[in-house]
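The values are calculated or read from the model by the stated rules, or taken from the named source; none is laboratory data. Everything quoted here is computed from the prediction, not taken from an experiment. In this analysis, Cβ positions are derived from the backbone assuming ideal geometry, glycine residues included, and neighbour counts consider all displayed protein chains.
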Amino acid sequence: MFKLFAFLLGIVLAMPAFADECVKCHQKISPGVVKDWEASKHSIVKKGRATCATCHGRDHKDMEDAKLAKMPTAATCGSCHDEQENQFLKGKHALAWTVMKAMPTTHMLPMQLAAGMKGCGGCHKLGSKSEDEVKALRSQGIEHGNASCDACHTRHTFSKKEAQAPQACQTCHMGFDHPQWEMYSSSKHGVRALLKQIGILPETAAAPTCQTCHMQDGNHEVRTAWGFLAVRLPLPEDPIWRADQITILQALGVLDPQGNPTARLEAVKAADVARLDQASFDEERKKMIKTCTQCHSENFASGEMEKGDQIIRQADHQLAEAIRIIAGLYKDGVLTKPASYTYEFPDLLAFHDAPTPIEHKLFVMHLKHRMRAFQGAFHSNPDYALWYGWSAMLLDLVEIKSTAEDLRDKHARKSSVAKR
């Protein structure tokens with residue numbers, strides 16, 4: 001009730017005349033912004049919609065004081081859309097900024113790639129931030145990244161229809177480590193959705209979008225059962241898979257060599273990139289099965305999900321073997337373990353900062369090819385699951401084994417010469 005009152009008060013204070021002044025000036029210096037705003041529901045002042053001042057305040061009045069314009073946050077949008085804001089804040093998109101800052105590799109990137117809009121920050125900026133974080137960004141001259149909602153409901157139209165289209169997800173969910181757009185758009189689901197958009201298939205045709213599966217009933221939490229890293233607790237009962245997942249968790253730095261939780265586990269929990277209890281996994285899996293049964297039988301949907309789970313199991317076995325090979329090189333002094341690595345395992349979160357080709361190959365195997373193997377399966381894309389995922393992992397492992405043998409031979413020769 002308080003939010004509604006505050007919003008209505010904002011409308012009263014931000015009279016149409018003030019909006020008219022904004023439009024009059026911005027039609028000259030940023031006409032595209034004005035056109036977008038005029039196409040939005042927010043521009044319909046007479047019906048109680050938001051004015052420019054509702055989001056940007058009234059302090060900015062001319063070109064000389066442009067920095068006084070307030071940049072909206074998710075809380076600004078929540079003044080009217082509190083249900084969506086609350087869902088967003090409980091979901092993984094709200095943690096995007098936290099995830100980026102938690103990754104060791106992020107802090108080794110040029111500012112323009114990390115905090116700027118040219119790399120990680122270009123997508124992860126949609127994560128929610130504290131007021132102090134926003135102030136710190138602005139003090140560095142970084143004006144973007146305050147808002148979250150406009151990552152999907154692009155300003156200044158803030159279109160619900162745009163955000164419901166699968167293309168709204170394309171910019172962030174594509175590329176090296178999470179090519180969900182490529183997988184989805186070339187899957188039968190994605191192809192049918194596009195054909196429906198351009199009118200070849202009728203409006204009544206079954207054609208699930210990203211939002212159909214990941215935002216059931218418009219829920220803004222956007223979660224998946226396995227999480228981004230496809231690791232989970234409790235560990236599998238299968239002893240081989242259990243051992244493989246322990247190795248992967250150790251290489252992620254969340255378990256120590258004895259299998260005990262580390263401080264990094266707390267960061268993984270905070271970033272919500274893994275399911276760390278059975279109940280949360282089951283909840284997300286049930287939601288997905290319910291969505292699938294809009295078009296498929298429950299038996300079929302459950303069977304396909306199980307296939308995806310088993311592909312993770314198979315991929316984990318290949319990845320764990322590669323991790324152990326490189327850990328063995330550290331142990332035997334063949335490779336020098338980087339000082340930043342806490343334990344005797346390669347750090348999978350070091351990403352492209354891996355110091356040698358064999359370690360970099362492991363990073364590619366984990367973040368690129370393993371992702372394609374299991375995500376391709378869950379997105380019903382045969383080529384991504386097989387050729388870009390599983391097959392590429394096998395090639396990675398062959399190269400890692402071969403390189404490890406060469407490194408051991410070279411190390412043995414050096415040792416032999418040193419003893420003479």
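Scanning segment 310-326 for residues that are among the aliphatic types (A, V, I, L, M) and either within 14 Å of Ile240 (Cα to Cα) or buried (at least 20 other Cβ atoms within 10 Å of the Cβ) (or both) turns up Ile311, Ile312, Ala315, Leu319, Ala320, Ala322, Ile323, Ile326. Filtered by the rule that a residue be part of a helix (DSSP H, G or I) and either polar (S, T, N, Q) or within 22 Å of Ala163 (Cβ to Cβ) (or both), segment 121-140 gives Gly121, Gly122, Cys123, His124, Ser139. Per the conditions (1) more than 18 Å from Val334 (Cα to Cα); (2) surrounded by fewer than 23 Cβ atoms within 10 Å (Cβ to Cβ); (3) touching a residue at least 40 places away in the same chain (Cβ under 8 Å), the sole criterion not satisfied by Arg408 is (1).
In the set (1) closer than 19 Å to Ile323 by Cα; (2) surrounded by fewer than 21 Cβ atoms within 10 Å (Cβ to Cβ); (3) within 18 Å of the chain's Cα centre (by Cα), the condition left unmet by Gln211 is number (1). Against the criterion of being in contact with a Ser or Thr (Cβ under 8 Å, 6 or more places away or on another chain) and either among the acidic types (Asp, Glu) or at pLDDT 95 or above (or both), Ala301 qualifies.
Here Gln112 clears all of (1) in contact (Cβ under 8 Å) with a residue 40 or more places away in the chain; (2) over 18 Å from the mean Cα position of the chain (by Cα); (3) within 24 Å of Leu348 (Cα to Cα) except the condition numbered (1). Which members of segment 265-280 meet the condition of being in contact (Cβ under 8 Å) with a residue 40 or more places away in the chain and hydroxyl-bearing (Ser, Thr, Tyr)? Within segment 265-280, none qualify. The residue list Ala339, Ala377 contains one member that is in a loop (DSSP other than H, G, I, E, B), of a type outside the set (S, T, N, Q) and in the same structural domain as Thr291 (by TED's automatic domain parsing), which is Ala339. Name the single residue, out of those in segment 324-356 being among the β-branched types (Val, Ile, Thr) and touching an Asp or Glu at 6+ places or on another chain (Cβ under 9 Å), that is modelled with the lowest pLDDT. Per the stated criteria, the residue is Thr342. Exactly one residue out of Phe374, Phe351, Phe363 is more than 30 Å from Thr209 (Cα to Cα), among the aromatic types (Phe, Trp, Tyr) and either in contact (Cβ under 8 Å) with a residue 24 or more places away in the chain or surrounded by fewer than 18 Cβ atoms within 10 Å (Cβ to Cβ) (or both): that is Phe351.
Do we find a residue being within 23 Å of Phe363 (Cα to Cα), among the charged types (D, E, K, R) and modelled with pLDDT of 95 or more anywhere in segment 185-195?
No, that holds for no residue.
In summary, Phe345 fulfils each of the numbered conditions (1) on the phi < 0 side of the Ramachandran plot; (2) in a helix (DSSP H, G or I); (3) buried (at least 16 other Cβ atoms within 10 Å of the Cβ) with the single exception of condition (2). Selection of segment 43-74 for residues being under 19 Å from Ala163 (Cβ atoms), at pLDDT below 85 and in a helix (DSSP H, G or I) yields only Ser43. Scan segment 281-306 residue by residue and report those that are free of Cβ contacts under 8 Å to residues at least 60 places away in the same chain, in a loop (DSSP other than H, G, I, E, B) and surrounded by 13 or more Cβ atoms within 10 Å (Cβ to Cβ). Matches in segment 281-306: Thr293, His296.
Taking segment 220-243 as the range and being at pLDDT 95 or above and surrounded by fewer than 18 Cβ atoms within 10 Å (Cβ to Cβ) as the test, the residues that pass are Asp238, Pro239, Ile240, Arg242, Ala243. Within segment 61-79, the residues that satisfy the criterion of being surrounded by 18 or more Cβ atoms within 10 Å (Cβ to Cβ) and more than 18 Å from Ser139 (Cα to Cα) are Ala74, Thr76, Cys77, Gly78, Ser79.
Looking across segment 327-336 at every residue that is outside any loop (DSSP other than H, G, I, E, B) and in contact with a helix residue (DSSP H, G or I) (Cβ under 9 Å, 6 or more places away or on another chain), the one that is surrounded by the most Cβ atoms within 10 Å (Cβ to Cβ) is identified as Leu329. With respect to the conditions (1) closer than 23 Å to Glu284 by Cβ; (2) out of contact with any helix residue (DSSP H, G or I) (no Cβ under 8 Å at 6 or more places or on another chain), Leu95 lacks only one, and its number is (2).
Selection within segment 198-257: residues that are part of a helix (DSSP H, G or I), in contact with a Leu (Cβ under 7 Å, 6 or more places away or on another chain) and not basic (Lys, Arg). The member of this set that is farthest from Ile312 (Cα to Cα) is Ala251.
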